Amino acid sequence: MAAGIIRFADFELERAAYQLRHQGRTVQIERLPLDLLFLLAERSGQLVTRDEIYQRIGVNPKTGQSKGDRVDRVAGLIGG
């Protein structure tokens, strides 16, 4: 990870700039989905529990209610 940049496919996540880029262009993304991407990228190859994800993106683990469809938006942005 060069200078805090995480690369995957045609994407770059940069913590210092707090940005997601696709093929060098900044992708407009809300703060919470971007936090989720950072969490998953930083823990690449490791198990990330549902509770950890819920904590990071603001989902109530007992009810499953979230602040919108944030996980779906992240998957849509990166082609999932």
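Every number in this text was worked out from the coordinates using simple rules, so none of it is lab data. From a predicted model like this one, the values you see are computed outputs, not experimental measurements. All Cβ positions, even for glycine, are placed from backbone atoms using ideal geometry, and neighbour counts span all protein chains on display.
Sorting 42-54, 4-16 by average packing, meaning the other beta carbons within 10 Å per residue, from highest down gives 4-16, 42-54.
Shape of the range 1-47 from its Cα gyration tensor (a ≥ b ≥ c, root eigenvalues): rounded if a/c is under 1.5, otherwise prolate when a/b > b/c, or oblate? Oblate, since a/c reaches 1.5 and b/c is not below a/b. Over all other residues within a Cβ to Cβ distance under 13 Å of D10, the charged ones net out to +2, with Lys and Arg as +1 and Asp and Glu as -1.
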